[in-house]
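**Student:** Sharing a structure here in structure tokens format.
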Amino acid sequence: MLAIQIIAFIFCFCGLGAAIAATASNEWKVTSRASSVITATWVFQGLWMNCAGNALGAFHCRPHLTIFKVEGYIQACRGLMISAVCLGFFGAVFGLVGMKCTKVGGSDQTKAKIACLAGLIFILSGLCSMTSCSLYANRITSEFFDPSFVAQKYELGAALFIGWAGASLCIIGGIIFCFSIAENSNAARRGYAYNGATSVMSSRTKVHNSVPDKSPPKHFDKNAYV
């Protein structure tokens with residue numbers, strides 16, 4: 001079970017790193033080359049900045065100075081990604097405490113419960129990240145395939161795929177953490193059944209030995225020695 005918990009923690013830690021990278025990235029959507037007249041210049045946008053670049057390697061980014069002029073779906077994606085990162089951080093802390101290779105956390109049963117809690121937190125973190133990326137991608141695709149939308153069309157950026165990958169890793173690692181408590185409980189039940197059988201046999205032996213011998217005393221005649 002120790003190796004399984006280590007693998008689960010690696011998955012969750014990589015997923016948390018991917019969520020942080022996706023949150024800070026500015027490539028959530030990029031301009032479509034098919035609908036752009038000038039292909040040497042492109043625009044890419046993120047949750048915090050709008051950037052423009054050209055073929056010469058020059059980039060210019062402009063942050064969103066106020067949240068009141070930002071569209072609603074961007075604010076929702078911001079909140080979900082921040083929640084995913086925060087949940088992933090707390091999940092990592094609980095995961096370290098609940099792993100069997102660490103010296104903190106108490107008994108094995110307590111550590112198993114903490115590991116299960118860490119798994120649930122990581123699953124919630126992955127769901128938040130997955131929802132945010134899917135919401136943003138749905139907005140991009142709906143605008144791209146809408147024939148009445150005449151503004152600049154965008155395509156899916158690299159940050160969305162990074163966020164989806166990180167969310168998948170967090171969910172998989174969280175599920176493995178949750179299954180670790182089931183394996184621990186099965187081992188505890190097997191140990192309890194064996195000790196119970198031993199205690200029953202020992203108690204029966206003690207009772208049998210403690211019962212006094214009530215058989216009538218034997219009287220031997222003197223002719224028996226002849």
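**Student:** Of the chymotrypsin sites (Phe, Trp or Tyr not before Pro) in the stretch 95-184, which ones lie in a loop per DSSP and count no more than 13 other C-beta atoms within 10 Å?
**Tutor:** Working: sites: 122, 136, 144, 145, 149, 154, 161, 164, 177, 179; in loops: 145, 149.
Those satisfying the criteria are 145, 149.
**Student:** Could you state how much accessible area residue 131 has, in square angstrom rounded to the nearest 10, with a 1.4 Å probe and all protein chains kept in place?
**Tutor:** Residue 131 has an accessible surface of roughly 70 Å² with all protein chains in place.
**Student:** While we're here: Convert 4 °C to kelvin, take the viscosity as 1.567 mPa s, use the Kirkwood radius over C-alpha pairs of the stretch 122-166 as Rh, and evaluate the Stokes-Einstein diffusion coefficient in µm²/s, rounded to a whole number. Spell out each step's value before the answer.
**Tutor:** Values: Rh = 11.4 Å.
It comes out at roughly 113 µm²/s.
**Student:** On a full-extension model of 0.36 nm per residue, what is the gain between residue 110 and residue 161, subtracting their alpha-carbon distance, rounded to one decimal in nm?
**Tutor:** Values: separation 51, 0.36 × 51 = 18.36 nm, distance 3.66 nm.
Contour length minus Cα-Cα distance gives 14.7 nm.
**Student:** Out of the chymotrypsin sites (Phe, Trp or Tyr not before Pro) in the stretch 1-110, which ones are loop residues according to DSSP with at most 13 other C-beta atoms within 10 Å?
**Tutor:** Numbers: sites: 9, 11, 13, 28, 42, 44, 48, 59, 68, 73, 89, 90, 94; in loops: 28, 48, 68.
Passing both the DSSP loop test and the Cβ count: 68.
**Student:** Another one. First measure r as the distance between the Cβ atoms of residue 24 and residue 152, then evaluate 1/(1 + (r/R0)^6) with R0 = 25 Å and state the FRET efficiency to the nearest 0.05.
**Tutor:** Result of the calculation: an efficiency of 0.60.
**Student:** In nanometres, what is the gap between the two model label sites at residue 69 and residue 182, each 7 Å from Cα along Cα-to-Cβ?
**Tutor:** The answer from the label model is 5.3 nm.
**Student:** A follow-up question, please. Roll a 1.4 Å probe over the protein heavy atoms and report the accessible area of residue 104 in Å², nearest 10.
**Tutor:** Per-residue accessible area (residue 104): approximately 80 Å².
**Student:** Could you order 108, 146 by accessible surface area, starting with the largest, using a probe radius of 1.4 Å? All intermediate terms of the calculation are to be shown ahead of the outcome.
**Tutor:** Numbers: 108 90, 146 55 Å².
Solvent-accessible surface, decreasing: 108, 146.
**Student:** Moving on. In what order, largest first, do 99, 49 sit by accessible area if the probe radius is 1.4 Å? Display every interim value, and only then the final one.
**Tutor:** Values: 99 10, 49 70 Å².
Ranked from most to least accessible, the order is 49, 99.
**Student:** With the Cα gyration tensor of the stretch 24-156 giving a ≥ b ≥ c as the square roots of its eigenvalues, does the rule (a/c under 1.5 for rounded; else a/b larger than b/c for prolate; else oblate) give rounded, prolate or oblate?
**Tutor:** Details: a/c = 3.18, a/b = 2.59, b/c = 1.23.
It comes out prolate by the Cα gyration axes.
**Student:** Taking the Cα centre of the stretch 1-127 as the origin, how large is its charge dipole in debye, to the nearest 20, when only Lys and Arg (+1) and Asp and Glu (-1) carry charge on their Cβ atoms? Each step should come with its number before you reach the end.
**Tutor:** Working: 9 positive and 3 negative charges, 23 e Å.
The calculated dipole for the stretch 1-127 is roughly 100 debye.
The values are calculated or read from the model by the stated rules, or taken from the named source; none is laboratory data. Source: prediction; values computed, not measured. Neighbour counts are summed over all protein chains in view; Cβ atoms, including those assigned to glycine, are modelled from backbone coordinates with ideal geometry. The protein model used for the area step is the full one, side chains on, heavy atoms only, and it has no ligands, DNA or RNA in it. Shrake-Rupley method; radii C 1.70, N 1.55, O 1.52, S 1.80 Å.
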